[in-house]
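Here's the structure we're looking at; comments come further down.
Read the figures in this text as sums done on the coordinates, not as results from a lab. Only a predicted model underlies this, so the values are computations on that prediction, with no experimental measurement involved. Here the Cβ positions follow ideal geometry from the backbone for every residue, glycine too, while neighbour counts run over all protein chains shown.
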Amino acid sequence: MKKELLTIFNHDRNIFNSKYIYPVISRRSMGLSLGINLNTNNACNWQCIYCQVSDLTRGKPEKIDLKLLESELDKWLEEIVNGSFLDECASHRVDFKDIAFSGNGEPTATPEFEPIVKIVLEKIDKFRLSNTIKLRLITNGSYLNKKNIQHSLEHMKSVDHEVWFKVDHVNPKETLKINRINLSIASLRKNLNNALSISPTIVQTCLLKINNKLPSNEFVNEYIQFLKPYAHKLKAIHLYSMVRPSQQKTDLQIEALDKSELQIITDKMTVLKTKIECY
């Protein structure tokens with residue numbers, strides 16, 4: 001396996017020529033995250049304006065080759081757990097933090113999601129990782145009403161796991177602008193309730209300057225009011241901005257917030273009285 005230096009600025013899914021499995025240095029996981037990309041055709045039901053995926057299309061994943069996915073996962077875990085990858089993949093040694101369902105689209109859109117979860121759990125057991133890493137699902141939540149996805153989350157409860165649930169805005173007009181999806185507040189609440197009913201859940205929110213304007217006080221107030229009923233149930237809230245350039249076409253000018261701008265918004269959110277982290 002060729003060696004490449006990984007950084008938080010490069011999350012190329014194909015850097016090691018694996019189809020489904022890819023390692024990244026994650027600023028939010030604070031170490032090595034082994035990603036599982038189930039959307040190799042770059043298809044997603046959302047079209048977020050800040051997405052780093054090139055040639056993104058609206059749709060569902062293509063059929064998954066389960067044997068190839070299992071083989072790649074086995075190879076990567078062998079290299080990470082028993083090989084020298086952790087010593088050589090970055091400019092300094094990093095710790096193996098998680099396996100994450102995250103890639104070039106919404107992972108739960110694949111019909112094979114439940115058998116894939118079972119494969120991952122088998123490998124976590126094989127490599128004796130259940131007490132050392134987390135299993136994470138990074139999702140927009142739109143398929144959490146599906147029984148097969150709920151069953152998958154039930155399976156994930158056998159290990160230390162989390163759902164990272166996307167809430168970029170709670171105003172449907174702004175959601176349409178940022179995520180390019182029609183999503184009512186009622187649907188957003190239902191999706192979040194589905195996550196919280198089964199799994200430890202972190203709300204993740206990407207904050208942007210849009211046309212040179214920072215997120216408004218109106219946004220902050222709407223966001224706080226929406227999350228207030230859930231604050232005591234949430235494991236945390238992640239506020240972050242872009243660290244890699246968007247690959248999407250948009251008429252809007254979008255820029256990342258700097259750390260001080262993120263911190264100002266984070267300070268306003270402390271009224272929620274839950275753990276809030278900014279990245």
Of the residues H232, L121, F85, the Cα lying farthest along the dipole of the chain towards its positive end, which is defined by charges on the beta carbon of Lys, Arg, Asp and Glu, belongs to H232
The value for region 38-171 (convex hull of the alpha-carbon atoms, volume per residue, Å³) is 134
Measuring from its Cα centre, the chain shows a charge dipole (+1 at each Lys and Arg Cβ, -1 at each Asp and Glu Cβ) which, in debye to the nearest 20, is 680
Computed over all unlike Cα pairs, the Kirkwood hydrodynamic radius of region 142-257 in Å stands at 15.5
Computed for region 166-225: size of charge dipole around the Cα centre, +1 on C-beta of each Lys and Arg, -1 on C-beta of each Asp and Glu, debye to nearest 20, value 180
In whole Hz, the Karplus estimates of ³J(HN,Hα) for region 47-62 (6.51, -1.76, 1.60; θ = phi - 60°; x where Gly or Pro) are 9, 4, 5, 9, 5, 8, 7, 7, 6, 5, 10, 8, x, 10, x, 6
Computed on Cα atoms, Rg of the chain relative to 2.2 N^0.38 Å comes out at 0.97
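Sorting check: for 197-208, 179-190, which peptide has the highest mean count of neighbouring beta carbons within 10 Å, and how do the rest follow?
The densest-packed peptide leads the list: 197-208, 179-190.
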The distance between the Cα centres of region 76-126 and region 211-279, in whole Å, is 28
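In this model, which of K60/K123; K233/K259; K75/K134; K60/K166 are farther than 23 Å apart at the alpha-carbon? Could the numbers behind the result be given before it?
On the way: K60/K123 26 Å; K233/K259 27 Å; K75/K134 19 Å; K60/K166 18 Å.
Going by Cα-Cα distance, K60/K123; K233/K259 fall outside the 23 Å limit.
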